[in-house]
1. What stretch of chain A, leaving out the sites themselves, is the longest with no trypsin sites (Lys or Arg not before Pro) in a DSSP loop having at most 15 other Cβ atoms within 10 Å?
2. For chain A, what is the relative contact order in percent, using Cα pairs closer than 8 Å and at least 6 residues apart in sequence?
3. How about the range A:274-368: which GluC sites (Glu not before Pro) there are in a DSSP loop, with at most 16 other Cβ atoms within 10 Å of their Cβ?
4. Binning at 10 angstrom from zero up to the longest distance, how are the C-alpha pair distances of the range A:312-414 distributed in percent?
5. In whole angstrom, how long is each semi-axis of the equivalent ellipsoid of the range A:91-148, when you take the square root of 5 times every eigenvalue of its Cα gyration tensor and sort them from largest down?
6. Separation of the range A:65-129 and the range A:6-40 by C-alpha centroid, Å?
7. Using alpha-carbon pairs under 8 Å, 6+ residues apart, how would you state the relative contact order of the range A:301-423 in percent?
8. Considering only DSSP beta bridges whose two residues both sit in chain A, what percent are antiparallel, to the nearest 5?
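No value in this document is a laboratory result; all are computed from the given coordinates. Just so it is clear, the structure is predicted and the values come from calculations on it, not from any experiment. Cβ coordinates were reconstructed from backbone atoms using ideal geometry, including for glycine residues, and neighbour counts include every protein chain displayed.
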Amino acid sequence: MAQAPKTAITPTRSENYPEWYQQVIKAADLAETSDVRGCMVIKPWGYAIWENIQKKLDARFKATGHENAYFPLFIPMSFLEKEAEHVEGFAKECAVVTHHRLEPDGEGGLRPAPAAQLEEPLIVRPTSETIIGATFARWVQSYRDLPILLNQWANVVRWELRTRMFLRTAEFLWQEGHTVHATSDEAMEETRQILDLYADFAENDMAMPVIKGEKTSGERFPGAVHTYSIEAMMQDRKALQAGTSHFLGQNFAKAQEIKFQDQEGQLAYAWTTSWGVSTRLVGGLIMTHSDDDGLIVPPRLAPAHVVILPMYKSDDERASVLATCQKLKTELEAERFDEEPIRVRIDDRDIRGGEKSWQWVKKGVPLRVTIGPRDVADDAVFLARRDSSEKGQGVPHREFVARAADMLREIQQHLFDRAATLRADNTTQIDNLADFEAYFTPQDAKNPEIHGGLAYCHFVESATMDQKLKDLKATVRCVPLEGDDEPGKCIFTGQPSVKRGVFAKAY
RNA sequence: CGGGGCGUAGCUCAGCCUGGCUAGAGCGCGUGCUUUGGGAGCACGAGGUCGCACGUUCGAAUCGUGUCGCCCCGACCA
């Protein structure tokens, strides 16, 4: 007799967090490694979550006046060369297309045809500032053409050596917004508006609390004047950059000749922004909410809100149980959660009830409902919430239908509160280097336990700081935009400092 | 690009050191029976060019050389 493990996922978070993460993805059937090095296959359940993320964000982009468009996957190499910092930032991780035809290699295989070498290599976009900028240069003549507010949903490639499912893959899916403005203030306003939009999405839809802040010069996007990010805390207390919004100043406008005539007839360079979030958010979602029994999806992003599991033995029972399930599904779909019908699935696959039930636990569906002959007779359902470890309980059928949407709202809130509590419990202010070092040093160096968290510290960027952070494997996440800013002294150099930064180990 | 490791069934691996019958296990998969309200049990069955090439040998998963691929640890990164 096989001993059922206490938790659905082995190892647990505290035993081995990175391995737990991999196992959650596998158990929930979100994605798997592909035949292509560094790239993953996103499976239906994982992609459905991404689609919900897209839907939520897209609505927010449209509501703030943005439109979607699509630009080429390939970028002429010379485009990338135009902005010096940008080149430096991305050149090391670009996939390059050099040929446009294959031919037999004489040994039964294929090779790029030497005669078909491209005059100018194309790179697979690592991001699209350059090609979109070049296009904008043609579109923009007059101040009357501005602003341009575009977004594109696309895949991009950054040739990463070390990859982790969803968090860092060679190819990933994202959205990149690109805007052009007549004035610096307006571009800055756009940059900040998007940062707020991302934070709102993260907290309300993902139930993931975030800190809005500005990146230090060392962490800035290549070519940007200011980079802002939202930073979240994962359950191993490491930080995850969950979205970025860049004020590009006139850097790209100058590199790409995005010029316009203003109202006085003067020729001026435009001001641009860019901003993006990626499938990395799925990784953040996993690591924010999931537990030792697998994935937990916040209701607003869940592919299914309720899964109904019929239980029966005989054909007679089957008929009445399935009819009851179908009725419940219809009733639930008439209810609304988050301004849409409740999403319901019935799983009547012919596998054992226990196994089936666990599969949905591991997939993180917010509410599981089991219906068997006893429930049909009692006009009740057996209900279990994914966000609590409590055992399920019987609930009158009608009461469940009436309360389902409220329960989903409760779960959404509970997940946010739980994540906020974890963050609060692992956030601290540190005012001297010794404490800082202790905070970021694990007890067991060989097999580091979960440690550290967010540390708010005064700092001034310096080589001394960079080296210390490198030694500790810690990073400056951002300088928070919100919160008090009493002056102090840099914990690394003792120099006067006006703002605290957030320090953490990070993904 | 530096250091380490691994390629044997769909997956995880044993066997290799010390060469020898028909190459194994667990999980998964298929069929049947018994089960079924929180991860079922028994029986039977399908499934392999032991990464590839060359060499040593009467004989190679096993030894040697080469080659390809992948994984882990460092430097860089959404």
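1. Numbers: sites that count: A:Lys6, A:Arg37, A:Arg101, A:Arg162, A:Lys313, A:Arg349, A:Arg352, A:Lys391, A:Lys446, A:Lys473.
That gives A:163-312 as the longest site-free run.
2. Values: 1017 pairs, mean separation 69.6, N = 507.
Here the relative contact order equals 14 percent.
3. On the way: sites: A:Glu317, A:Glu331, A:Glu333, A:Glu335, A:Glu339, A:Glu355; in loops: A:Glu335, A:Glu339.
The qualifying sites are A:Glu339.
4. Values per bin, smallest distances first: 14, 49, 33, 4, 0.
5. Working: eigenvalues 292, 31, 12 Å².
So the three semi-axes of the range A:91-148 are 38, 12, 8 Å.
6. With the range A:65-129 and the range A:6-40 each reduced to a Cα centre, they are spaced 32 Å.
7. Numbers: 173 pairs, mean separation 34.5, N = 123.
Reported as a whole number, the value is 28 percent.
8. Values: 73 of 88 bridges.
If I count the DSSP bridges inside chain A, around 85 percent turn out antiparallel.
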